[in-house]
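This report refers to the structure that appears directly beneath it.
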Amino acid sequence: MKQPLTVEEILLKYDKESDTRNYTGYMARIISAIAITFSIFQLYTAMFGVLDAHLQRAVHLGFGLTLVFLLYPSRKSWSRRTLHPFDLLLAIAGGFTPAYIVIFYQELVIRAGTVTTLDSLIGLAGLILVLEAARRSVGWPMVIVAFLFLGYAFAGPYMPNILAHKGVEPGELVGHLFFTTEGIFGIPLGVSSTFIFLFILFGAYLESTGLGKFFIDIANAVAGWARGGPAKVAVLSSGLMGTVSGSSVANVVGTGSLTIPMMKKLGYRPEFAGAVEAAASTGGQLMPPVMGAAAFLMAEFVGIPYIEVVKAAVIPAILYYSGIWIGVHLEARKGGLQGIPRSELPKFKKLLLEKGHLAAPLIVIVYLLVVGYTPMKAALWAIGLAIVSSMLRKATRITPWQIIEGLEKGARGVLGVLVACATAGIIIGVVTKTGVGLKLASALIDLAGGQLLPAMFFTMITSIILGMGVPTTANYVITSTIAAPALVQMGVPVLAAHMFVFYFGIIADVTPPVALAAFAGAGIAGGSPMRTGVEASKLAIAAFIVPYIFVLSPVLLMIKASTLTVLWAGLTAILGMLGLSIAMIGYFITKVSYLERVLFFVGGMLMIIPGLVTDTVGFAFLAGATVIQIIKSRKEKSVNN
């Protein structure tokens, strides 16, 4: 059996954003000063008014590129303690190229559409710097996708008929991508420079207050004593952490370093322990209100209020976590695994009295969003409340120095998202310039023969492939640009189409062969990465099925649905998840035969699909399979006695 890797090794191996230099001395102070200034700029514009779109995004990108080149070495072999002159040069260039827009903003506005030779050179440099920053902080998958789109922009005249276009001149493309708000400085970077930064800063302050440890303690108090307790603790704590976390891998490492050893100690197989944490942590990206920061982008792309995206995500997220919870419970029953003695667990009431105030900012931010505050204003209030609420007790109080450190952590935390959004802007810029989005949608529809179910299947495969190894925000931008239009063209509601591709882009984190969250869980557990990925996929079965259901019946997204229909659909779908989980784990009251698995699977599927007929037939299947299980169990007991 493999020796478990350290937390630092896991992050460096599977989370590209964590592979940074660790400076000391004057360089550490310089980095801190730049990062803190970056956060102050973002807070100032949020409080007193955002700049013109291009200016706001240019300053945001300038800070981001500078920090990326200072923190992420060009080569792994380069020192993690000292700055290479080449990286210093790129850091200066990374700050200057967006600053060119700020310095000459009025002139660029006056001659909009006219790109000089100097403009072209600056724009080309900016384009190269963004791609290089993405290679360092996000990884090759997204850079390769961006290069493919850039290549397509020039190769249009030589493409097959359905994908052909007249082609784009290099100067014209550079001008479009760098000197308009249709490319690098488009909607993704706009959202990053406003909402996303503030929510990541909010998360940094919540981390400083000890909220993550509070979540794990609460989960232990609530579920640690139950059958298979540590696994249920992992599900609860990872779901709670997912409300503020922006990375599946970081979530796995953050909570998994505590929960996975607990699961193994109880008797769970290493692969299953790693899979539980991977599936639960990946689900954090599907959990409202933040959803890996993609919720903000979805609201902008779909053109609806942010709170509507949050509402639509609630029932699918509940079904996802219900499936994992049931799965770990059945696995514990199958293995005869008990919980942790209550005497060894923290007391719920005591925890709430001592640290319950730490969760107040999360409650307040949801309330503010519901009553109509903009995400920016809600995040600002929540940041302030996170600091103030920590002061209520000495044990949770953050010092003035920690408040300053929070500004630095927030700026560092946004870098991967920032660069991913800028790179996604390149992809979107090529799409708007060439019209390839509609062409790809037409190609998918033709491939599916104009039928919705095959189109959904091909869209699913496309989204999973595009989501492999790509951060949450970036993979949503890519999948929503390339895959979602096909479903929209076939009459699927826009929000349902975007949620569909978002789900499958995210679930790539636990889908072999490139299941980064599962591999991170395997690294901590010391299990087989591929087997851990397979186990995680089985636990995350809801994420493979529920998106099909909410496209066919958007009531699960609360689209054109009454309270009664939503409640009924939710309750029957949870029963359906029970059936699916039994089929996946192979155990209920006693061991489940292959025939019983089929009955539970079909019954579960029918129960998830909203509708009186499907619910009735599905319930009959589940009831029949349950009766068989009861009879089998009684026979086994009589034989044993």
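The values are calculated or read from the model by the stated rules, or taken from the named source; none is laboratory data. Just so it is clear, the structure is predicted and the values come from calculations on it, not from any experiment. Every residue, glycine as well, gets a Cβ built from its backbone with ideal geometry; the counts of neighbours run over all protein chains shown. Only protein heavy atoms, including side chains, enter the accessible area calculation; ligands, DNA and RNA are left aside. Shrake-Rupley method; radii C 1.70, N 1.55, O 1.52, S 1.80 Å.
Please determine whether any residue of region 270-279 is touching a helix residue (DSSP H, G or I) at 6+ places or on another chain (Cβ under 8 Å), touching a residue at least 60 places away in the same chain (Cβ under 8 Å) and open to solvent by 10 Å² or more (accessible area, probe 1.4 Å).
Yes, region 270-279 has at least one match.
Among all residue pairs at least 6 apart or on different chains, which show Cβ distances below 9 Å where the first residue, located in region 303-322, is within 19 Å of VAL494 (Cα to Cα) and the second is part of a helix (DSSP H, G or I) and of a type in the set (D, E, K, R)?
Once the first residue is within 19 Å of VAL494 (Cα to Cα) and sits in region 303-322, its partners that are part of a helix (DSSP H, G or I) and of a type in the set (D, E, K, R) give TYR306/GLU300.
Filter the helices (runs of 4 or more DSSP H) completely within region 456-509 down to those with at least 1 residues that are among the aromatic types (Phe, Trp, Tyr).
The qualifying helices (runs of 4 or more DSSP H) are 472-482, 494-507.
Could you list all residues from region 492-506 that are within 25 Å of THR434 (Cβ to Cβ) and at pLDDT below 90?
GLY505
When you look at ALA455, is it open to solvent by less than 10 Å² (accessible area, probe 1.4 Å), aliphatic (A, V, I, L, M), farther than 22 Å from VAL138 by Cβ and out of contact with any strand residue (DSSP E or B) (no Cβ under 9 Å at 6 or more places or on another chain), yes or no?
yes
Residue by residue through region 593-609, note down the ones that are β-branched (Val, Ile, Thr) and surrounded by fewer than 24 Cβ atoms within 10 Å (Cβ to Cβ).
VAL598, VAL602, ILE609
What are the residue pairs meeting all of these: first residue in region 452-472, first residue modelled with pLDDT of 80 or more, second residue of a type in the set (Ser, Thr, Tyr) and open to solvent by 30 Å² or more (accessible area, probe 1.4 Å), Cβ atoms under 9 Å, and 6 or more apart or on different chains?
Once the first residue is modelled with pLDDT of 80 or more and sits in region 452-472, its partners that are of a type in the set (Ser, Thr, Tyr) and open to solvent by 30 Å² or more (accessible area, probe 1.4 Å) give LEU453/TYR548; MET456/TYR548; PHE457/TYR548; MET460/TYR548.
Any idea which of (1) open to solvent by less than 10 Å² (accessible area, probe 1.4 Å); (2) without any contact (Cβ under 8 Å) to a residue 60 or more places away in the chain; (3) not charged (D, E, K, R) is the one ILE196 doesn't satisfy?
With (1) open to solvent by less than 10 Å² (accessible area, probe 1.4 Å); (2) without any contact (Cβ under 8 Å) to a residue 60 or more places away in the chain; (3) not charged (D, E, K, R) applied to ILE196, the lone miss is (2).
In region 39-54, what residues are among the hydrophobic types (A, V, I, L, M, F, W, C), crowded, with 16+ Cβ neighbours inside 10 Å and in a helix (DSSP H, G or I)?
Result: PHE41, LEU43, ALA46, ALA53.
Name the single residue, out of those in region 59-77 being of a type outside the set (Ser, Thr, Tyr) and not in a helix (DSSP H, G or I), that is surrounded by the most Cβ atoms within 10 Å (Cβ to Cβ).
Step by step, filter region 59-77, then rank; the result is PRO73.
Among residues belonging to region 160-171 that are farther than 25 Å from SER120 by Cβ and not in a helix (DSSP H, G or I), point out the one that is most open to solvent (accessible area, probe 1.4 Å).
Among them, the one singled out is PRO160.
Being of a type in the set (A, V, I, L, M) and under 27 Å from VAL302 (Cβ atoms) narrows it down to one of VAL617, VAL555, VAL627, so name that one.
The unique qualifying residue is VAL555.
Quick one: in region 141-159, of everything that is out of contact with any helix residue (DSSP H, G or I) (no Cβ under 8 Å at 6 or more places or on another chain) and without any contact (Cβ under 8 Å) to a residue 60 or more places away in the chain, which residue is surrounded by the most Cβ atoms within 10 Å (Cβ to Cβ)?
ALA155
Any idea which of SER137, SER120 is under 27 Å from TYR44 (Cβ atoms) and either over 31 Å from the mean Cα position of the chain (by Cα) or modelled with pLDDT under 95 (or both)?
Answer to the selection: SER137.
Only one residue in ALA583, ALA569, ALA573 is hydrophobic (A, V, I, L, M, F, W, C), within 30 Å of GLY336 (Cβ to Cβ), buried (at least 21 other Cβ atoms within 10 Å of the Cβ) and in contact (Cβ under 8 Å) with a residue 60 or more places away in the chain, so which one is that?
Exactly one of ALA583, ALA569, ALA573 is hydrophobic (A, V, I, L, M, F, W, C), within 30 Å of GLY336 (Cβ to Cβ), buried (at least 21 other Cβ atoms within 10 Å of the Cβ) and in contact (Cβ under 8 Å) with a residue 60 or more places away in the chain, namely ALA573.
Every residue in region 389-420 that is open to solvent by 10 Å² or more (accessible area, probe 1.4 Å) and either among the small types (Gly, Ala, Ser) or assigned to a loop (DSSP other than H, G, I, E, B) (or both), please.
MET391, LEU392, ARG393, ALA395, ARG397, THR399, GLY413
Those residues that are polar (S, T, N, Q) and either assigned to a helix (DSSP H, G or I) or within 24 Å of GLN451 (Cα to Cα) (or both), I need them from region 540-576; list them, please.
Residues satisfying the conditions are SER553, THR563, THR565, THR572.
Out of all the residues in region 98-122, which are part of a helix (DSSP H, G or I) and in contact (Cβ under 8 Å) with a residue 40 or more places away in the chain?
Step one: list which residues in region 98-122 are part of a helix (DSSP H, G or I), which gives 98-103, 105-110, 117-122.
Answer for region 98-122, where residues must be part of a helix (DSSP H, G or I) and in contact (Cβ under 8 Å) with a residue 40 or more places away in the chain: PRO98, ALA99, ILE101, VAL102, TYR105, LEU108, ASP119, SER120, ILE122.
So which helices (runs of 4 or more DSSP H) are wholly in region 284-388 and hold at least 2 residues that are touching a strand residue (DSSP E or B) at 6+ places or on another chain (Cβ under 8 Å) and buried (at least 17 other Cβ atoms within 10 Å of the Cβ)?
On the way: elements: 294-302, 306-335, 348-355, 360-370.
Filter on region 284-388 gives 306-335.
Go through (1) modelled with pLDDT under 95; (2) under 27 Å from the mean Cα position of the chain (by Cα) and name the single condition SER39 misses.
Of everything listed in (1) modelled with pLDDT under 95; (2) under 27 Å from the mean Cα position of the chain (by Cα), SER39 misses just condition (1).
Collect the residues in region 89-108 that are open to solvent by 80 Å² or more (accessible area, probe 1.4 Å) and of a type in the set (A, V, I, L, M), keeping them in residue-number order.
Listed by number, the residues that qualify are LEU89, ILE92, ILE103.
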